């Protein structure tokens, strides 16, 4: 009679003990072997019966198809929100690593002249993707500790069920990269309250931890209006402490940026080097910060917390956003296993532990994340996500008999999800009884067309830290209607004068390159009969007459046109073909053709371009 009783309680205890999590309060937990050193990133250690990691799920999939995990997620996130801000593993503690209030975290060292004046997060250089991977894993292991604490308190007849859900739980991601093609902004992002099923089966309505985070207290080290805002806010109604969130603006901005997001992610996946992939992906990443926070257009909003990088990590959707950025990186790795980070200069984009203009590579330490108490992690340490205890639905390498089969599968999934508008438009053509003008062209040309991009090159030190280059059709005269045709964004931390050193004149300038796909916008011009085709004979005179651009700072204020050495704009085309098989990527020719006449004589455009302005090699 003793053994069944032992089994009933011993099995749940073993399940709990199987996961190693970071402590989240001063009270010692009776379960698991927990970390004793702040900042050691192990990820969540639970595995399935075959020793494989569990996956991070898309947030809508988690809610709709894993209700127990969803409930634990919401309940645990609420607990994490209310954990003391003095605890380094609280929601506040982990968020504070990224930017303000610029405190040292976990005794991680920093440059003496930068401590208290800069955060740990690197942007605008190739450490951007690598640094966020252990950052997410640290958040995941801390949140999972709360998930287990809640699961183990479930009623006796439900505990095994909830411990199983806790064992499988990993943080979700929001796949914004497919734009509105898979749905609008989820309504559970924008509701102040949310209904959740507790572990005893009761349904209760609680404050929504995906809606906002409440500071308790507002930290010393926040400045300007942020020093008086007690909760995170999106698209604030004004710049006062009493401002309200305008969630409808968030929803509308996502709808409006859908084409740009889809196009830019598609361009990123064409990259033939890790450096190019990282650089291009940082653009749509930045737009999601603006889509959620608002503030990049002063005519519609003052900034919300998600927009300036110094405060963005306190926004509850920050981790869902960056989990998707990490997933896109994992997909790129799966399709290009031999491509990886190489040595490069970070230019004027140092942080609390990196000097401006120093070289970095995949062995550069990623502070404040520790591999063990005496050593910090590197990008090489976490190149494989399973080391940190997770995978994504598309990156379950263990299900394939060979590396080649896995690579082919990931490539096919990228093709299905992220081929951009051209493939979607070709599908409409096949299905529709009345093809669009562009669809007719694709049918007649066996799926071939001319793809168009804008390449922009800028000297980082001569522009604001964060800037947006917006491209338009029209606007050269006051009477011209203006049509947006994409943009290039660089979202960077603030550049304090007493933190960042002046560049040594002998050191080369840091050149930043932006690639913007304008094909979808040109197709729209074909559909409304303003443009005949995508052929150069039609597009070149059209863009020569109508293409314009303006530069704006982080606050949406127009920047005086930089000279041609500071900012150069060129238009390129390449031949492309949409395969009939949806699992095959769009085929692009290796070569590209430049059209300097399109931008010649316009601000930022010239005939030759600055040194290094070569046709893009994806």
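Rule-based calculations on the coordinates, nothing more; no lab input. Just so it is clear, the model here is predicted, and its values are computed rather than measured. Note: ideal-geometry Cβ built from the backbone for every residue, glycine included; neighbour counts use all protein chains shown.
Remarks
- Between residue 180 and residue 483, full extension at 0.36 nm per residue minus the direct alpha carbon distance yields a gain of 107.0 nm.
- Rg/Rg_ref, the chain, where Rg_ref = 2.2 N^0.38 Å and atoms are Cα: 0.98
- Percentage of interatomic Cα-Cα distances in the stretch 348-406 larger than 15 Å: 64
- Of the two radii for the stretch 109-165, the radius of gyration is 1.29 times the Kirkwood radius, both from the alpha carbons; that is the Rg over Rh value.
- Two-site FRET efficiency, residue 195 against residue 64, from Cβ-Cβ distance with R₀ of 22 Å, rounded to 0.05: 0.95
- Inter-probe distance in nm under a simple model that places probes 7 Å from Cα toward Cβ, at residue 157 and residue 506: 7.9
- Percent of beta bridges antiparallel (DSSP, the chain, rounded to nearest 5): 90
- Evaluated on the stretch 429-599, the Kirkwood hydrodynamic radius is 18.2 Å, with distances taken between all distinct Cα atoms.
- Label separation (residue 588 vs residue 84): 5.3 nm, computed from points 7 Å beyond Cα along the C-beta direction.
- Counting 0.36 nm for each residue step from residue 408 to residue 446 and taking away their Cα separation leaves a gain of 11.2 nm.
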